[in-house]
Structure formats: structure tokens, C-alpha cells
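Take a look at the structure below.
The values are calculated or read from the model by the stated rules, or taken from the named source; none is laboratory data. Just so it is clear, the model here is predicted, and its values are computed rather than measured. With ideal geometry, Cβ positions are generated from the backbone for all residues, glycine too; neighbour counts draw on all protein chains shown. Accessible surface is based on the protein model in full, side chains and every heavy atom, while ligands, DNA and RNA are left aside. Shrake-Rupley method; radii C 1.70, N 1.55, O 1.52, S 1.80 Å.
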Amino acid sequence: MHTSPIQNQHLPVTATTAAKIPKKLTLIPLIFLIYFEVAGGPYGEEPAVKAAGPLYALLGFLIFPFIWSVPEALITAELSTAYPGDGGFVIWADRAFGPFCGSLMGSWKFLSGVINIAAFPVLCIEYLEKVFPVFGSGWQRKIALLISTLVLSFLNFTGLAVVGYFAVFLGVISLSPFIIMSVIAIPKIKPHRWVNLGQKDVKKDWTLFFNTLFWNLNFWDNVSTLAGEVENPRKTFPKALFCAVIFTCVSYLIPLFAVIGAVSVDQNDWDSGFHATAAEIIAGKWLKYWIEIGAVLSAIGLFEAQLSSSAYQVIGMADLGLVPKFFGVRSKWFNTPWFGILISTLITIGVSYMDFTDIISSANFLYSLGMLLEFSSFIWLRRKLPELKRPYKVPMKLPGLVIMCLIPSCFLVLIMVIATKIVYLVSGLMTIGAIGWYFLMRFCKSKEVFKYSSGEVFEE
């Protein structure tokens, strides 16, 4: 039996021994970090209305959380409290099926995460170019992307506690205009618009509809890679996830009910960013500008939260011996995983200069593969280690858990089946690269090219 370093809350979980005691995340910053891992506000929910109409959009954001978000959050709560160390889902796959699956999970999720992060500096520049057209193309745009990515990455370097409280600030500022808009909209709401916007025979785009729901209610498990940085994780994690699920769902639904009910427009006008247009109709240009500024702040929050998850995942993989020890080194000043932040930032910069529509689709495909492995790991650990200490335990027996995981798994398979040929090709190449990486690490370990942790760091 090996004692987990997490059990001693005075010691950080690192691949190397850190001299400086880190400041742990508390409940409120953790809630907002989870919020920015998943949503960051109702920005981007509008295409659901365009794709399937108001009724299906409202029902989607009411029902889909129970199909997808709640199961994912419950699994994250149970396994993060059972294995409260940096690495999260990588640890779960490793403990369930061995180091090959742990490494494969780590590669899939890391690649999908850093590619996804690359979208957020691009989004910030796209908003910035509306004010300063010079950033629309050419070397000015490239320099702006580089500087914005480096500045945002530096904030992560200053410490997770700083990022957590910054997330609280960003969350309050970016959500405030939606609260104001919803209140002002109340007298203008006509409930019949929630069912029909007055149009008939509008062709439904179910692929866009389900992708919109999936995109807006995904990534609950990302926060698991930060478990080793949370104060009293076995109690804090379940509370934070419970609050974040309610907070996120409400932040989507209230503006959606308000805007659909108060604004009479063509269904085809519901593109991404329509909430800003609706704000101008309901309250004036001042609120439109606030929502547009909020969109940029939301993108910054999403960048910070997801970069943190990717960087601490690298530390977790170093702790497990899946990558060399030096991958898990921390800053002497801030105790942050500077190497994990560095490699995540470099990949993000590289991808941000590419036409990465297909690459992002491929990253989502890899994420789906990782989620199928995650669901399998959860079920297998319940069967394999029924006596494992689980401070929070999903109150179901094994057959119920299988059903709970089967429903979202079917949705993942559906998302993967409708992928394009180029997505299959790129995802296949990335997976072959991930398998090659595992065997390269095994070779380096056998030849003692680098130093590796033993991987025996958790009590079971």
C-alpha cells in the first residue's frame, strides 16, 4: 500500500519536490473555474435556435444537462475524490486499465484541450479587429495573436489561485449584462414565442443543434486535473461541481427564455453573437457593447481555465511516470507547472496560425474517444475496486451506472459517426502518434534516457 501525497494537504503533488507550499483553490474560485471550463456564459448558444427553433432549443438546454452534464459531473466528483491528484482522468484510465490506456487518455485529452484553447485568442482578435481593422490580416494579426497568447499564458504562470479569483471577476463582469437584459426584457415577453417564432416549415439542422448543445455543455471533467491543487478536495469538489452545474444551466436558460420571448426576429437571425443584437433591441447600444466586451472577457476566462487544466494534466502524467520527471517541474516563484504551461502555449500558438476548422473537429473526435474510455474506466473501477475509498460516491449500483454512462456514450458515438473523412484521417494520425509516444516513453524508460517517477503515488 502506498500513501498518496494528497493526503498531506501541506505538500503539493508534483513530479519533483517543490520547496514552496502552494496556495490551494477554495470553493468559490473552483466553481468559477469549472464554469469557465464548460461555458463562460451564454455566448454561443444562439445557433441552437437557428438549427431547431425556439422550443427545441429551450428543451435542449433543459434536458441535455441531465443526459450529458450531470453524468459527467457525477463521475468527476466520485473519481476526483477517490484519486485527488493532478492528472484527473489520466489517473482513472491508468488505474482501471494500465499505463497504456493512461497514456492514450492523456494524449487524446491533452491534444484536444490545447487545440481547443487556440480558438480563444483568435476570438479575442476577431472582436478587436472590429475596433481596429488593422488586425484583420497580415503580420499585424500574427503579432497580435502571438502577444495575446503570451500575455494570457503569463497570467497562468502567476498561480492557480490568481487564475481562480480572476475567473470570479470575469464571471461577474461577463454575466452582468445578461442579468440586466433579462430583467429589462420581462415586460416585453410573449410566451407564445417560446413555442413558435411565427415561422413554419423551417428546415431543421440537427447536426448543428446537437453540436451546439455538446459544445456548450461539455468538458466537466477537465477540472479533475486540478484536484491536487484544491483545498480539502474530497469535500470541496462535489460541492463545487453541484453548484457549477446549476449555475451553468441557469446562465444558459434565463437569457434564452428572455430573448426568445421578448424579441421578434426571423429564426435564421439566431447566429452566434445574436445576444448582442438582442441586447440593443431590448435596452440599447450600451448593453450591446457590454455584451460584446463580455464575450472577450469570457474567451479570456475560457483560455485561462482550460490552459490550467492542460498544464496540470502534464504534472499528473509526470507523477504517474508516463512522461519524464522534468515535465512536472514547477516555478520556484509561483509553484506553477511552468513546463506544462510552456508546451501547452507553444502548441496553442502553432495551431492558432492554421486554418483549423478540421483540426478542431478532429480534436473533438479525440475528446469523444477519451470520454468513452473515461466512462469505461469509471465502470471498471467500480467493479475492480469496490472497496476503494470514495468520499463522494454516485448513489447507484453497477447496473444503474452502466445505464447512466450508456446514454451519453451513444451520443458520443453519434457525434463520431457523422464526422467527415478528413476528421477520421487527422484523428487517426493523431492517435497513431499517441501510441507511438507511449512506446517511445517505454523505450526511454528502459534505456534510462530520462528520469521517471515510479507512478506509485496513490493509495488504493
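Residue pairs exceeding 28 angstrom between C-alpha atoms, taken from LYS204/LYS285; LYS50/LYS288; LYS239/LYS389; LYS109/LYS451; LYS109/LYS421: LYS204/LYS285.
Database remark: amide H of THR336 closer than 5 angstrom to the amide H of SER331 (H placed geometrically; neighbours at sequence offset of 5 or more, or on other chains; Pro and chain starts carry no H). Once all protein chains are placed together, ILE254 keeps about 90 Å² accessible to a 1.4 angstrom probe. Each helix, a run of at least 4 DSSP H residues, gives -39500 (n - 2.57); summed and divided by the residues of the chain, these come to -22500 deg cm²/dmol at 222 nm. A simple count of charges around ALA93, restricted to other residues whose Cβ falls under 11 Å of its Cβ and scoring Lys, Arg +1 and Asp, Glu -1, yields 0. Give me the distance between the Cα centres of the range 82-129 and the range 149-182, rounded to whole Å. Going from one Cα centre to the other spans 20 Å. Phi angles across the range 218-227 convert, under the Karplus curve 6.51 cos²θ - 1.76 cosθ + 1.60 with θ = phi - 60°, into 3J(HN,Hα) values of 10, 6, 5, 7, 4, 5, 4, 6, 9, 4 Hz, Gly and Pro given as x.
The accessible surface of the range 338-460, taken with every protein chain in place and a 1.4 Å probe, is 69 percent carbon and sulfur. Among 170-181, 377-388, sorting by the average number of other beta carbon atoms lying within 10 angstrom of each residue, highest first, gives 170-181, 377-388. With all protein chains in place and ligands, DNA and RNA left out, the 1.4 Å accessible area ranks ARG390, ARG234 as ARG234, ARG390, largest first.
The simple Förster model, with R0 at 35 Å and r as the Cβ-Cβ distance, assigns ASP205 and TRP380 a FRET efficiency of 0.40. Cα centroids of the range 34-75 and the range 390-432: 17 Å apart.
Comparing VAL245, ALA278, SER310 along the charge dipole axis of the range 193-313, the residue lying farthest to the positive side is VAL245, per the Cβ-charge model. Rolling a 1.4 Å probe over the heavy atoms of the protein chains gives the range 177-269 an accessible area of 45 Å² per residue.
Against the main long axis of the alpha-carbon atoms of the chain, helix 99-117 sits at an angle near 30°.
Accessible area ranking (1.4 Å probe, heavy atoms, ligands and nucleic acids excluded), largest first, for LYS393, LYS447: LYS447, LYS393. Spacing of the modelled spin labels on PHE132 and TYR353, each 7 Å from Cα toward Cβ, amounts to 2.0 nm. Selection among PHE339, VAL402, GLY301 by position relative to the dipole of the range 289-417 gives VAL402 as farthest towards the positive end (Cβ unit charges, Cα centre). Put TRP68, TRP206 in order of accessible area, highest first, and with a 1.4 Å probe you get TRP206, TRP68.
Measuring nothing but protein heavy atoms, the accessible surface of the range 57-150 at 1.4 Å probe radius is 78 percent carbon and sulfur. Calculated accessible area for the range 299-414 comes out at 39 Å² per residue, all protein chains present (probe 1.4 Å; ligands, DNA, RNA ignored).
Note on ASN232 and LEU425: their simple-model spin labels are 5.5 nm apart, each label 7 Å out from Cα toward Cβ.
Among the listed values (i) 436; (ii) 221; (iii) 143, the one computed from these coordinates for volume of the Cα convex hull per residue in Å³ is (iii). SER309 sits among other residues whose Cβ lies under 12 Å from its own Cβ, and their net charge, with Lys and Arg +1 and Asp and Glu -1, is -4.
Backbone amide hydrogens, once placed in the peptide plane, bring LEU25 within less than 5 Å of VAL230, GLU231, excluding anything fewer than 5 places away on its chain. Relative contact order of the chain, taken over Cα pairs closer than 8 Å and 6 or more residues apart, is 34 percent. Distance between the 7 Å Cα→Cβ label points at LEU398 and ASP269: 5.6 nm. Charging the Cβ of each Asp and Glu at -1 and of each Lys and Arg at +1, and nothing else, the dipole of the chain about its Cα centre rounds to 640 debye.
Here's how it looks for GLY273: its modeled amide H is under 5 Å from those of GLY44, GLU46, which are all 5 or more places away or on a different chain.
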